[in-house]
Each structure stands twice: as structure tokens, then as C-alpha cells.
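What follows is one structure encoded as C-alpha cells, with my remarks underneath.
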């Protein structure tokens, strides 16, 4: 079985995000970028399935400018077999991403599509769901554990107040949550090998997808600074402050 | 048995020296139609993540390495337009020194204000383009030796060892990287370089090395305050009582200003907090006028090897070379080390290439390096600057400054005397009860800040579940000796709040917050008992400096 893993290049989670002076976006100039952590979990899961003999090929795909090849190479070093970059100027919005990925699914015919539940930059949590709808496949989001066989995938999901287990007919779309696995460290020889693994570059035009703009970013703002707390002497003083200053009771 | 890989040359550290070595090696290989395998390991999560420097740089070495660097898009965007040098006499007063009274070496016409991190990112791209394997996120943890005692290569650190020293589920054993020659370019006080200097006695004929700690902040300032190309240097307040150092403030492009303070680590007062000196410095009108209304983007600190010519150790040993600030090639009279570090690497590459082509085999000591180094302009520069630091240490900023003016401007550094400064920096602390306590003002949150909010914007991160990378030879010493005698100075010299003395049930306890460490190495240098050894944490840990 072939597994398709969709990955995104995002700002590294260690970096303290800063808004550009003109408020048009987050400042990404010379900032460390990385593979989205949820996507990394998806790659790890696919590689483990291959190592268990349940899959025979892992293909990774990413969308964006040439720089995304860096993250594709990371995925290849983690154990994916080949990569596809769909070249666009910037990372497209969720629906466009899903449409492009739907075309890749059509070309590649994977038995399972694995992807992160959301990217840590835009936090949309939309692409997996949209992709499943577009290709008419069943979906399981927020995967906590996953059992794959030739016919179906059984996914335990993290839901409010507990876990929920679903059985999906293949092909299916599964999005990963944080506890599905802990990705391995990349080995030096694997980084060198990854440089020689195949990486194909496609374009939206080539895939026959017209990118439409559905959203416009008006303004990006940093959250307001939280005021330091104060210590009150008595319960009465607290009640007084809550009533008269904070006006919450 | 650990896995191993073989290379012609392994380079430790992707800074200007290591990357210049790598690029020059590959250029020579291409010019001579030879195949070379060269790899660079870097402990930072990416190239540039651990690079911190002012930086005003001289392009001399870069001109030689990549004559077309402008067309190739090297990030040298801001040419210096104006030099100002101040002597600060109090918290509010200062004198701007006329240009004619400033040592010539401190003039910056023709130089560029850069982010050294970004220059390294660019150099790494060039190196990769030339066929070098660059591996960020992999720390060289250990030197490997042949049976005959020559250097065989390095081993990267194990990953996935828990805080208890046991393997976690994600354990990955380190790798051995074997090479015909290994080049150590770790920067100031590299932890392997330190071992090599001791192992091979490289410094037996040199004076004790001298260090400083340098702080740097990157600011975004209002458009109307921005004067691209302006370079401001100065000394004096707030450093006093024999503590020497100096500040810098440069206007880059994009409304960015960098500001920093360098404090020499031979200071004697254990109550001194270099971090707080830097924070209060920014309130001086000479600096505040540039920063007010702006916001701080990034913070970092790093030790500087500044001993210069007299302290330079032997740079070759069987199987390898020591280059750049790992040896100490910084030119203190210019307060610049990038061009000399790069050139030391390029000379190393030329020496290595000849040795590899002549196939006299590895392990031989490249004594030829010393000859080529002596013939290069770096040597000449460092020789002329040899008295600059010792003069300031011996005579103080005013008389020492006067000496330097005469030595540099009238004799071009060729005054036929050599001043020495032979005592190591960590020996200078006086007991706390004999020193004046210093009361630092509280940070105002606009120009000055506390340590923790500063470390926060250095984007520092370490995997929490790993053994502490700051090793105490004697774990009892900090509380038993350092606390009563020196009021444990680590609490104050550490720029990241790593060391704390906390009270627990009436007992003092020495706490090490290793996750905060920004890899500056000051503790390894300044601890009066030399009790702290800095070793590399898991690869990829440490600061993630953007544009620094």
C-alpha cells in the first residue's frame, strides 16, 4: 500500500513570533523554519507502518516556494521514499491546499492519506477535512492511535471528554494529534541519503487547479500585554475590586 | 560499536572560520579537478542559530574568498557612513572624541554593518553549493584519537538520553565522523578546543588567554531616528573600579539598531553583574536617544576570545587544526574578529589541500600551517595589535588608550616593545567582603529589562529530559567555597539566569537551570575555582538567534 503524507513548512515552535512593523504579517525574515510538528508525527507514523510491512511506499507532498524542499528533505531523511513539491509563491489558504492535494491523490492513488491535524502557524484545522470531502473519502481527525490492515484503518481519536474509535474503509484521510507517536531523531547518513531520493516539482497549472483567493488578511496584531497581578489584603478588598474595578460581580 | 562515516576533512562549527575553511577547500578541489569530501557539524538547530556578533566587519577575507560576493547576494547591506566614539564620564555626561584622537584601527570607513548570523547562513549556502555536507543540529561531543595519539575525528553526541542518564524510547547513539584532518572552529572557548589545548599543550608558550562577555540586543526604532550606517562606540560609565570594556551601537537597514556592551572578564568585583551594567548603560542619553520609542526584538550574549597575538596558542596538532576564535584570532584593536577568523580558515584550507593532495597521509602534524599563517596578513594585523589589550589592562582606559593612540597612529603597531598580561581572567576576583556592593536600578521595561524576559527572546530551548550539560567537578564547591568567599558570582556573570542560589529549609542550594543556557561559555571561563565545565547538550538545543 502507498501512503501519502502531506507536510507544511512553518515557523519553528521555539521562535517567539513577532509581527511586522506594518502589521501585514508575522516577520519570517531569517527566522528558523521547520517541519510542522503534527506533520512530522504523520511522517513518523507512515514510516513506522512501512517498517511494520503494512505499507510499501511513503510519498510526501508539500506546497510552497522552493524553500519547502528543505522540509521535504527532512521527511525523506525520516524515512519517506520520495517527495513532491507543488510550487507556489506562498503557502496557499486551506481550500486551495485541499484542492491541490486532491489532484495529487488522484495521481498517486494512495491507500491512506496521513496529515497533521493543523499547522502551528495558521492553526486552521481545515485541510484534512476539506481534502476528505473533495475526494469523497472517509476521515478520522485527531488520531491518537492507528491500526492499519489491507481493507481498513481503525483510528482512536481524541475527543472532548475521552477517546472515540472509528473504523474507516480505505482509502481514507487521517489527521494526527500530538500523542500518536514521538518522532525519531534524524540520523546523519539518512540526511545524506535523503539528498539523493527523488523529488518532483509540480505546479498548480500543471495539476489543472486554478487558485482562487477566498480570504484577505486585513491586519496581524500581537496579543495585548497582560498586566501584572496585585496582592490584596482581605476578602473585602477583593470583593470591592471585583465589583468596582473589574465590574465582574 | 558506534556507526562511523569517513570524510577527508571534518569541520566542527559552522561559523565564519569553519565555513570559510569549507568553502576554500572546495574551491581548491574544483580548481584542481579533485574530489574532496568535507562535512561541517553545527550544534545550533540551523546555521546562524548560535551566531552572535556586533557586527561591523571588514570585507577583506570575503573579497578574497568570493570576489563577486556583491553580485552573489551576500548580506552586506549597510556600509558604514559615520563613526562616533564616546567616553562616558557619568550616568548623564559623555564626550564625543574627535576623530583625530581615536586609534586608527577603530575607524570604520569601508566596513559594513551586518548580521553575522545571516552572513553565516549565506556562507553555508555557498558551501553546500560547492558540495560541502553541512549538518546543523549535530553537536560534536567528543574528540576521537588514533592509537598513536593523533586526532581521528569527532563523535556526535547521543540523542535521547534522559535526565537520569538512562536511554529513553527515542535513544539514538552518536556517530563517529572520521577524517584525514579535523578542523576545530567552535568559536570562543570551544569545549573540544579547550581539551585539545590541554592535551597537546598548545598554549605552553603563550600568555594566558583573555576573554570578555559581549551582550547584544536588536532593536526596531522609529523611522525618524534611523540613521543607516552610523557606528557608535564608547567606553567609560557604567564600568568602574578597574572593570574595562566598551559599548557599541550600530544602525543597520530596515529601521534596525543593534546595541551591546562588552565587559572584560578579568574584572575583580564579584558583585559585578555584566548583564545589569548593560541594562543601565542603555539609559545613558548617548544611547537612549537612539533607542527611545523603539522596541527590543532579540537578546543574546557570547564570550569573546580577545587576548590576541601574545595569547595565541599553537594552532596545529597531529591530525588537525584549530582556527578562528577557537584559537583566538580576533583583532582587539579593531574590535573585529570575522575577517581574521575567515582568513585563518582559508589559510587552513590551503594548507590542508596541499597536504591531502600530496597524499602524505593523515595524522602528520601540519606544522606548515604556522608558516603560512605567519606569512598572511592576519599575522601582521595581530602582531601590530599585540599591545592594545595588555595596555588597557595595565594602564586603564585613559593612559592605556593614550598608549594605544601612540602605538597605533604614530607607529602603526610597530613600537618595539611588547606588553604582556599573563594572569588568567578567573584569578582576578577579590573576596566579596573586600569589594563594593553594586546596587543596580530596576529595569523600566522600556529601555532596560530583566534577565528572564531577555532570555525569552533569545528563543532558547533545550530538550528538558537530558543530563545537565553544565558539569561541576566538585558539586559542593559553589555553596562551600564560592558562596561565602565570592557570594557565588555565577548568579551574576551568567547572562541567562542559569545559576541560582536558592534557600531550602534554611539551607542554601546551588541550582542550575540548564535549559536557559545560551551557550556563551562565561561560566567555564570565569568560575574562580574553574569548577564548571561546559559540555555540549543534545544537538539543536540552545538559542535560536534570528538576524543576530
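The values are calculated or read from the model by the stated rules, or taken from the named source; none is laboratory data. The structure displayed is predicted, hence computed values, not measured ones. So basically every Cβ, Gly included, is an ideal-geometry build from the backbone, and we count neighbours across all protein chains shown.
One residue alone among A:146, A:238 is more than 14 Å from chain B (Cβ to nearest Cβ), in contact (Cβ under 8 Å) with a residue 24 or more places away in the chain and more than 30 Å from residue B:178 (Cα to Cα), and that residue is A:146. Residue pairs whose Cβ atoms lie under 6 Å apart, sitting 6 or more positions apart in sequence or on different chains, and linking a residue in segment B:104-132 that is more than 14 Å from chain A (Cβ to nearest Cβ) to a partner that is part of a loop (DSSP other than H, G, I, E, B), are B:105/B:333; B:105/B:334; B:108/B:80; B:111/B:58; B:111/B:80; B:112/B:76; B:113/B:252.
Scanning segment B:148-171 for residues that are within 14 Å of another protein chain (Cβ to nearest Cβ), under 27 Å from the mean Cα position of the chain (by Cα) and not in a loop (DSSP other than H, G, I, E, B) yields B:153, B:154, B:155, B:156, B:159. Among the residues of segment A:112-141, those identified as surrounded by fewer than 20 Cβ atoms within 10 Å (Cβ to Cβ) and in contact (Cβ under 8 Å) with a residue 60 or more places away in the chain are A:120, A:121. Within segment B:172-190, being in contact (Cβ under 8 Å) with a residue 60 or more places away in the chain and within 13 Å of chain A (Cβ to nearest Cβ) holds for B:173, B:174, B:175, B:176, B:177, B:178.
For segment A:17-39, a residue qualifies if it is loosely packed, with under 15 Cβ neighbours inside 10 Å and within 8 Å of chain B (Cβ to nearest Cβ), and the qualifying residues are A:21, A:29. Take residue A:220 and decide whether it is in contact with a helix residue (DSSP H, G or I) (Cβ under 9 Å, 6 or more places away or on another chain) and away from every other protein chain (no Cβ under 14 Å). Against the criterion (in contact with a helix residue (DSSP H, G or I) (Cβ under 9 Å, 6 or more places away or on another chain) and away from every other protein chain (no Cβ under 14 Å)), residue A:220 does not qualify. Could you list, in sequence order, the residues of segment B:230-274 that are closer than 17 Å to residue B:437 by Cα, crowded, with 24+ Cβ neighbours inside 10 Å and in contact with a strand residue (DSSP E or B) (Cβ under 7 Å, 6 or more places away or on another chain)? Correct list: B:274 only.
Does at least one position in segment B:141-157 carry a residue that is touching a strand residue (DSSP E or B) at 6+ places or on another chain (Cβ under 6 Å), under 26 Å from residue B:75 (Cβ atoms) and modelled with pLDDT of 95 or more? Within segment B:141-157, not a single residue is touching a strand residue (DSSP E or B) at 6+ places or on another chain (Cβ under 6 Å), under 26 Å from residue B:75 (Cβ atoms) and modelled with pLDDT of 95 or more. In segment B:192-200 there is at least one residue that is away from chain A (no Cβ under 14 Å), at pLDDT 95 or above and in contact with a helix residue (DSSP H, G or I) (Cβ under 7 Å, 6 or more places away or on another chain). When residue B:54 is tested against (1) under 27 Å from residue B:256 (Cα atoms); (2) at pLDDT 95 or above, only condition (2) is not met.
Filter segment B:316-330 down to the residues that are in contact (Cβ under 8 Å) with a residue 60 or more places away in the chain, surrounded by 24 or more Cβ atoms within 10 Å (Cβ to Cβ) and not in a helix (DSSP H, G or I) and list them by number.
Of all residues in segment B:316-330, those in contact (Cβ under 8 Å) with a residue 60 or more places away in the chain come to B:317-329.
Of the ones still in play, those that are also surrounded by 24 or more Cβ atoms within 10 Å (Cβ to Cβ) are B:319-329.
Of everything in segment B:316-330, those that are in contact (Cβ under 8 Å) with a residue 60 or more places away in the chain, surrounded by 24 or more Cβ atoms within 10 Å (Cβ to Cβ) and not in a helix (DSSP H, G or I) turn out to be B:319, B:320, B:321, B:322, B:323, B:327, B:328, B:329.
Taking residue B:491, is it assigned to a loop (DSSP other than H, G, I, E, B), over 26 Å from residue B:48 (Cα atoms) and at pLDDT 95 or above? So residue B:491 fails the test. Do the conditions hold for residue B:183, that is, is it within 19 Å of the chain's Cα centre (by Cα), part of a strand (DSSP E or B) and at pLDDT 95 or above? Against the criterion (within 19 Å of the chain's Cα centre (by Cα), part of a strand (DSSP E or B) and at pLDDT 95 or above), residue B:183 qualifies.
Against the test of being outside the structural domain of residue B:135 (by TED's automatic domain parsing), crowded, with 16+ Cβ neighbours inside 10 Å and in a helix (DSSP H, G or I), the options B:525, B:518 yield a single qualifying residue, B:525. Determine, yes or no, whether residue B:378 is surrounded by fewer than 24 Cβ atoms within 10 Å (Cβ to Cβ) and more than 18 Å from residue B:205 (Cα to Cα). Here the answer is yes, as residue B:378 does meet what is asked.
Could we say that residue B:465 is assigned to a loop (DSSP other than H, G, I, E, B) and over 24 Å from the mean Cα position of the chain (by Cα) here?
Values: assigned to a loop (DSSP other than H, G, I, E, B): yes; over 24 Å from the mean Cα position of the chain (by Cα): yes.
Answer is yes for this residue.
Select from segment A:48-77 the residues that are more than 12 Å from chain B (Cβ to nearest Cβ), in contact (Cβ under 8 Å) with a residue 60 or more places away in the chain and in contact with a helix residue (DSSP H, G or I) (Cβ under 6 Å, 6 or more places away or on another chain) and list them in ascending order. Residues satisfying the conditions are A:55, A:75, A:76. Taken over segment A:153-197, the criterion of being free of Cβ contacts under 8 Å to residues at least 12 places away in the same chain and more than 14 Å from chain B (Cβ to nearest Cβ) is satisfied by A:160, A:161, A:162, A:164, A:165.
Restricted to segment B:1-10, and to residues there that are more than 14 Å from chain A (Cβ to nearest Cβ) and part of a strand (DSSP E or B), the residue that is surrounded by the most Cβ atoms within 10 Å (Cβ to Cβ) is B:9.
Scanning segment A:78-113 for residues that are in a loop (DSSP other than H, G, I, E, B) and within 16 Å of the chain's Cα centre (by Cα) returns A:90, A:91, A:92, A:93. Please go through segment B:448-462 and pick out each residue that is within 11 Å of chain A (Cβ to nearest Cβ) and in a loop (DSSP other than H, G, I, E, B). Within segment B:448-462, B:457, B:458, B:459, B:460, B:462 meet the criteria.
Conditions (1) buried (at least 16 other Cβ atoms within 10 Å of the Cβ); (2) at pLDDT 95 or above, marked per residue:
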residue: B:422; (1), (2): no, no
residue: B:449; (1), (2): yes, yes
residue: B:473; (1), (2): no, yes
residue: B:481; (1), (2): no, yes
residue: B:487; (1), (2): yes, yes
residue: B:495; (1), (2): yes, yes
residue: B:500; (1), (2): no, yes
residue: B:503; (1), (2): no, no
